[in-house]
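Some notes on the structure that comes next.
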Amino acid sequence: MLTYIRNPLVACVVMLLLSCTARAPLGTQPDAAWPGVVSDSADIPFAEHGILPVFTTSLTTDGRNLHLRALVGNPYPEPVEGVRTIFEIMARQDPEGETLDRFEREMDVTIPSGERASLRWDLQTMYAGPGTGGFRLVAFAVKRGGVTMPLPPGWRGD
């Protein structure tokens, strides 16, 4: 398109206008995929364990260290006190895939209903390189509305 515009000033203005109207694809921003507050927690799988939605914003590595950044939300009408997170590095992208490494962490944070909290987690593992199949990150509430939730499935407490 710009090859047909002979005036360089007009070409610059067109480029500026095109760059201002570009949007990120749907699902790449947290608000696009973020659930609202759910009135009936029976609609949420693993709600009995206090599962929380997680949106990974950044995952970088130098081959040995992983720098994970994410947002953890509270879709419940009650506030959440404390968050248990599980991060697994998988051999392949498959629910039945082998777990190469696993990390657990409990965060002391309170998330009001409908709000989000930042997750910053720096990990060290020999599986941080490009040869892995993917990762799984899940989060669960420690307490929801003052009620202690059962431990998440597979929680080791290491």
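Overview of values
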item	result
Where R120 falls short, out of the listed (1) open to solvent by 40 Å² or more (accessible area, probe 1.4 Å); (2) modelled with pLDDT under 90	(2)
Considering residues of the range 84-109 that are among the basic types (K, R), within 17 Å of the chain's Cα centre (by Cα) and more than 14 Å from R120 (Cβ to Cβ) only, the residue most open to solvent (accessible area, probe 1.4 Å)	R102
Pairs with Cβ under 9 Å, 6+ apart, first in the range 135-158 and more than 27 Å from T61 (Cβ to Cβ), second of a type in the set (S, T, Y)	A141/Y76; V142/T148; R144/S41; R144/Y76; G145/Y76
Flag if E81 is open to solvent by 70 Å² or more (accessible area, probe 1.4 Å) and part of a strand (DSSP E or B)	yes
Count - residues of the range 84-93 that are in a loop (DSSP other than H, G, I, E, B) and either modelled with pLDDT of 85 or more or not charged (D, E, K, R) (or both)	2
Residues that are open to solvent by 70 Å² or more (accessible area, probe 1.4 Å) and modelled with pLDDT of 90 or more, drawn from the range 127-150	K143, V147, T148
Residues of the range 93-143 classified as among the acidic types (D, E) and closer than 26 Å to P75 by Cβ, total	4
Qualifying residue in the range 67-75 (condition: more than 13 Å from the chain's Cα centre (by Cα) and part of a loop (DSSP other than H, G, I, E, B))	yes
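The values are calculated or read from the model by the stated rules, or taken from the named source; none is laboratory data. Computed from a prediction, not measured in an experiment: that's the story for all the values here. FYI the Cβ positions are ideal-geometry reconstructions off the backbone, even for glycines, and counts take in every protein chain you see. For accessibility, only protein heavy atoms count, side chains too; no ligands or nucleic acids. Shrake-Rupley method; radii C 1.70, N 1.55, O 1.52, S 1.80 Å.
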